[in-house]
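Just below is one structure, and these are the notes that go with it.
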Amino acid sequence: MKTNKKTIILQRHLLDQKFKELEALPAQPQSGWLKAVRVSLGLSLRQLAKRMKVGLRTVASIEKNEAEGKASLATIERSARAMGCRLVYAVVPGEGKESLENILDERARALARKIRNQTAHTMRLEDQETHADDKALQENTLAAELKANADPRLWEDV
């Protein structure tokens with residue numbers, strides 16, 4: 001089943017709104033969230049191990065793996081529940097990208113530039129080169145079309 005373009009645009013807009021709400025989230029503590037929360041609650045490794053019905057080494061290993069980005073979401077969630085907490089998980093735009101819209105704009109501009117450069121090369125060979133202002137307009141127009149049409153080439157290497 002193919003997703004409707006209007007649905008994609010609406011979903012992107014709604015996700016971007018949600019991302020704005022998440023902007024104030026703090027960075028992960030160096031020791032990891034699990035250990036930071038456990039220590040803040042005054043919960044010992046032994047107490048958490050007992051609540052999770054696992055060994056002391058297992059809890060220490062879970063905390064170490066979580067801090068290193070190696071723990072599974074299921075394990076983190078189980079540990080959080082044992083502390084009376086919940087896991088909050090999100091995939092958000094990366095550094096320097098404030099929204100999905102920005103990511104898509106960047107991809108569309110890069111692809112439009114690549115296409116325009118290929119065309120410009122051919123035009124130069126035929127001595128029909130375009131003026132710089134026209135090139136920018138062509139690139140912007142093409143980028144808007146590529147984005148609006150959800151062109152699959154947007155996610156190929158540019």
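A short reminder: the numbers here are calculations on the coordinates, not readings from a lab. Note that the structure is a prediction, hence the values are computed from the model and not measured. Glycine also receives a Cβ, built like all others from the backbone with ideal geometry; neighbour counts cover every protein chain displayed.
Things to note:
- Rounded to the nearest 500, the helix-only mean residue ellipticity at 222 nm of the chain stands at -20500 deg cm²/dmol, with each DSSP H run of n ≥ 4 adding -39,500 (n - 2.57).
- In region 1-63, the GluC sites (Glu not before Pro) that fall in loop regions by DSSP, at most 13 other Cβ within 10 Å: E23
- With the largest listed first and rounded to whole Å, the semi-axes of the equivalent ellipsoid of the chain from the Cα gyration tensor are 50, 16, 13.
- Loop trypsin sites (Lys or Arg not before Pro), region 1-52, which have at most 10 other Cβ atoms in a 10 Å radius of their Cβ (DSSP): K2
- Fully extending the segment from R78 to I9, taken as 0.36 nm per residue of separation minus the present Cα-Cα distance, adds 21.3 nm.
- The residues packed around E139, meaning those with a beta-carbon under 9 Å from its beta-carbon, carry a net charge of +4 if Lys and Arg are +1 and Asp and Glu are -1.
- Environment charge at M83 (Cβ cut-off 9 Å; Lys +1, Arg +1, Asp -1, Glu -1): +3
- Amide H partners (placed H, <5 Å) of G32, local residues excluded: none
- Proximal lysines relative to K50, as straight alpha-carbon distance under 17 Å, when same-chain residues fewer than 8 apart are discounted: K35
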